[in-house]
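Since the structure comes first, as structure tokens, the remarks are kept for the end.
Rule-based calculations on the coordinates, nothing more; no lab input. Predicted, not measured: the structure shown is a model, and the values here were computed from it. All Cβ positions, even for glycine, are placed from backbone atoms using ideal geometry, and neighbour counts span all protein chains on display.
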């Protein structure tokens, strides 16, 4: 069941990642896909467009942060290993950003960084909760 939840969430992220117009998806629930066989890879490292690439820039970046944090949490609950969950989630973040270039979207390195911050936030949260749980167990 946990693997199923991971797969559903990854598909949800993928749908939002690969549709050719995120604004149309969010505003009109319109889903379209476009394939570019020869994308321009230098766009991946572009940071000059960091705040004007989307009209809802901050909302979309918050979605990256939360979305990949949730994916990391689901993978952790499935595998019960921080190392594995962080590695898989980070790999998925890189994969989706690079693949966006093939779908005519704006795959960016700074999105991988934002995704990674969500992953680290979940790791820190789980570590903190584990510490609290261990401290509340009485010694006999």
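Quick rundown of the values:
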| read-out | value |
| --- | --- |
| Helix 82-102 vs. the chain, principal-axis angle (Cα, 0 to 90°, nearest 10) | 10 degrees |
| Rg and Dmax [Cα atoms of the chain; Å; Rg one decimal, Dmax integer] | 17.1, 65 |
| Model label zone, residue 40; criterion: amide N under 13 Å from point 7 Å along Cα-to-beta-carbon; scope the range 49-88 | 49 |
| Calculated FRET value between residue 134 and residue 83, using beta carbons and R₀ = 22 Å, to 0.05 | 0.70 |
| Rg and Dmax [Cα atoms of the range 25-80; Å; Rg one decimal, Dmax integer] | 15.4, 39 |
| Net length gained if the chain between residue 28 and residue 57 were fully extended (0.36 nm per residue, minus Cα distance) | 8.7 nm |
| Residue 99-residue 126 FRET efficiency (beta carbon distance; Förster radius 41 Å; 0.05 resolution) | 0.90 |
